[in-house]
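Since the structure comes first, as structure tokens, the remarks are kept for the end.
Just so it is clear, none of the values below were taken in a lab; they were calculated from the coordinates. Since this is a predicted model, take the numbers as computed values, not measurements. Note that we place each Cβ from the backbone using ideal geometry, even for glycine, and neighbour counts take in every protein chain shown.
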Amino acid sequence: MNCCDLAPAHIRAIAPYRPGKPISELARELGLDEADIVKLASNENPLGPSPAALVAAQDALHDMALYPDGAGFALKAGLSAKLGVAANQIVLGNGSNDVLDMAARAFLGPAASAVYAQHAFAVYPIATLTAGAACIEVAARDYGHDLDAMRAAIRDDTRVLWIANPNNPTGTFLPWAQIEAFLETVPPQVLVVLDEAYGEYLPPAERCDTAAWLARFPNLLISRTFSKAYGLAGLRVGYGLGSAGVIDLLNRVRHPFNVNTPALAAAEAALGDEAFLARSYALNAAGMAQLVAGLAEMGVETVPSKGNFLLAKVGAAARINAELLKRGVIVRPVDNYGLPEFLRVSVGLAAQNARFLDALRTCL
């Protein structure tokens, strides 16, 4: 017997997170030219970062010998002004995943449980199990959240309920009125984590100022990220919004200096670059239409998506994925989400989307 054999059972029960395959790894494996590989696997912004964010991050490198501002004062001030919340209602994370992990560590433990939907983000069960809590997975409805069933699944020991809107990896979306009505029914001792990682891709008419709900729902935590529409995935910076009490608890488990100096500077600059955000939204809308039309032409079923990605039902997904890789196209298998017939494809530039569609047509 060794130390690994003695690790807690709830840690050994975790299925490790499977990230999208990097371009460099595929190039090494198949001897391909990196410049000829198209990656549409990780829901990244094909425009790259905001030019303002890039300049800010580069300038911040001059201070790399110093620890970052552990309180993130400037970024919190920008978020506070933009969102209408107090600074003590904001916690910063090393990506929004960090915020999700903080929530689990602060509110869960071996005597607790957490509720999440089938086909929801893989980090929810990982964070739950890491905290030693029990997982309650609720069957999906039309590939998305069944709020009535999730409410019914809440037990006396439930302390966290995870909701993603839009949802990853399915792209499904629930009208905000349904989420708001659901929050009215959740017991006050249950923290509802509302993951809005893809909120910037919603059409303007379908967006909602959920931060305004915080005054009515002290058991609500909203998580958001700069990784998607803002194009800062490589810097890892996200944030959570909640009541002062919830944020205080998250700060107690937050690692010191969890957001680095270039990330803080880039996020602050990106927050003010509304023109870049509008370009990202417009590019995604056009690319989504291109993918939906191209897949429909091939007779490939898709799940309507409000994110910057699309689920395509290709049948023998593992085989199709392998064939796409040989052609230098990286997408995301989602068999680990209970969707073995689907591939998830991120929206790219028009030429990248066309490359995927041409390759898929050949594979099918």
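Mind telling me which of Ala265, Ala351, Ala77 comes out most flexible in a GNM of the chain, alpha-carbon contacts under 10 Å?
Top of the fluctuation ranking is Ala351.
For the chain, modelled as a Gaussian network with Cα springs under 10 Å, which listed residue fluctuates most, Gly20, Gly144, Gly299?
Of the options given, Gly299 has the highest mean-square fluctuation.
Let's see if you can work this out: charge +1 on each Lys and Arg Cβ, -1 on each Asp and Glu Cβ, no other charges. What is the dipole magnitude of region 1-156 about its Cα centre, in debye to the nearest 20?
Using Cβ point charges on Lys, Arg, Asp and Glu, region 1-156 gives about 440 debye.
Please report how far the C-alpha centroid of region 280-359 lies from that of region 1-34, rounded to the nearest whole angstrom.
23
If you take every residue apart from Val192 with its C-beta less than 14 Å away from the C-beta of Val192, what net charge results, scoring Lys and Arg +1 and Asp and Glu -1?
Counting the neighbours of Val192, the net charge comes to -1.
Please list the equivalent ellipsoid semi-axes of the chain, computed as the square roots of five times the alpha-carbon gyration tensor eigenvalues, in descending order and whole angstrom.
Taking √(5λ) for each Cα gyration eigenvalue gives 31, 26, 22 Å.
Cross-link candidates for Lys313: which aspartates and glutamates have Cα within less than 20 Å, leaving aside residues fewer than 8 places away along the same chain?
Asp142, Glu297, Glu301, Glu323, Asp335, Glu341, Asp358
What helices does the chain have that are whole DSSP H segments, at least 24 Å long along their own axis by Cα, and with mean Kyte-Doolittle hydropathy of 0.5 or more?
Result, helices passing both filters: 274-297.
What does the charge add up to near Gly315, with Lys and Arg as +1, Asp and Glu as -1, over the other residues with Cβ less than 13 Å from its Cβ?
Taking every Cβ under 13 Å from that of Gly315, the sum is -2.
What residue among Asp248, Asp209, Asp335 shows peak mean-square fluctuation when the chain is described by a Gaussian network model with Cα springs under 10 Å?
The residue with the greatest mean-square fluctuation here is Asp209.
Considering only the other residues whose Cβ falls under 12 Å of the Cβ of Leu83, what net charge follows from Lys and Arg at +1 and Asp and Glu at -1?
Net charge around Leu83: +1.
Given a Förster distance of 25 Å, report the FRET efficiency between Thr362 and Ala278 from their Cβ-Cβ distance, rounded to the nearest 0.05.
According to the calculation, E is roughly 0.10.
Which loop trypsin sites (Lys or Arg not before Pro) in region 192-248, with loop taken from DSSP, have no more than 14 other Cβ atoms within 10 angstrom of their Cβ?
Within region 192-248, the qualifying trypsin sites (Lys or Arg not before Pro) (loop, at most 14 other Cβ atoms within 10 Å) are Arg207, Arg216.
Under 8 Å for C-alpha pairs, at least 6 residues apart: give me the relative contact order for region 51-273, rounded to a whole percent.
32
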